[in-house]
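The values are calculated or read from the model by the stated rules, or taken from the named source; none is laboratory data. Note that this is a predicted model, so its numbers are computed, not measured. Cβ: placed from backbone, ideal geometry, glycine included. Neighbour counts: every protein chain shown. Please note that ligands, DNA and RNA were not included when accessible areas were found on the heavy atoms of the full protein model with its side chains. Shrake-Rupley method; radii C 1.70, N 1.55, O 1.52, S 1.80 Å.
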Amino acid sequence: MRNLFITTTLDLYLKSKNAFAIVDQIIELQKNPEVFNEDFQVWKITKIDEITFSMELQNGNLNVIIIHYFQSTAIKIFELTVWFENSTLYFPSER
């Protein structure tokens, strides 16, 4: 597993939305070689129902690599897109 850094802006946002479970999921999914081997990762997180979220990983060419589902009652986010490259997780606007 590579190190994961989070920009200050994203860190503050995730804390305000009680959403660090998303980071935990991204870290856990890095154990999958198909995920780990993607140098540039686009993560699209969507709330599906009261407790279920989908996480779609796309590469830089918008090809879907995996779709992962998890449950949380604490997260206060409906949609979120973050990018992961060079060991850093950040908002697309921070590039």
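For Leu62, the requirement of being surrounded by fewer than 12 Cβ atoms within 10 Å (Cβ to Cβ) and not charged (D, E, K, R) is met. The residue that is nearest to Arg95 (Cα to Cα), counting only those in region 1-56 that are assigned to a loop (DSSP other than H, G, I, E, B), touching a residue at least 60 places away in the same chain (Cβ under 8 Å) and not β-branched (Val, Ile, Thr), is Leu4.
Every residue in region 75-87 that is open to solvent by 40 Å² or more (accessible area, probe 1.4 Å) and not in a loop (DSSP other than H, G, I, E, B), please. I'd like the intermediate steps shown before the answer.
Of all residues in region 75-87, those open to solvent by 40 Å² or more (accessible area, probe 1.4 Å) come to 76, 78-79, 81, 83, 86.
Residues satisfying the conditions are Glu79, Thr81, Trp83.
Taking region 25-45 on its own, how many of its residues are within 15 Å of Trp83 (Cα to Cα) and either surrounded by 12 or more Cβ atoms within 10 Å (Cβ to Cβ) or in contact with a Gly (Cβ under 7 Å, 6 or more places away or on another chain) (or both)? Total meeting the criteria: 14. For region 1-24, what are the residues that are surrounded by fewer than 13 Cβ atoms within 10 Å (Cβ to Cβ) and charged (D, E, K, R)? Residues satisfying the conditions are Arg2, Lys15, Asp24.
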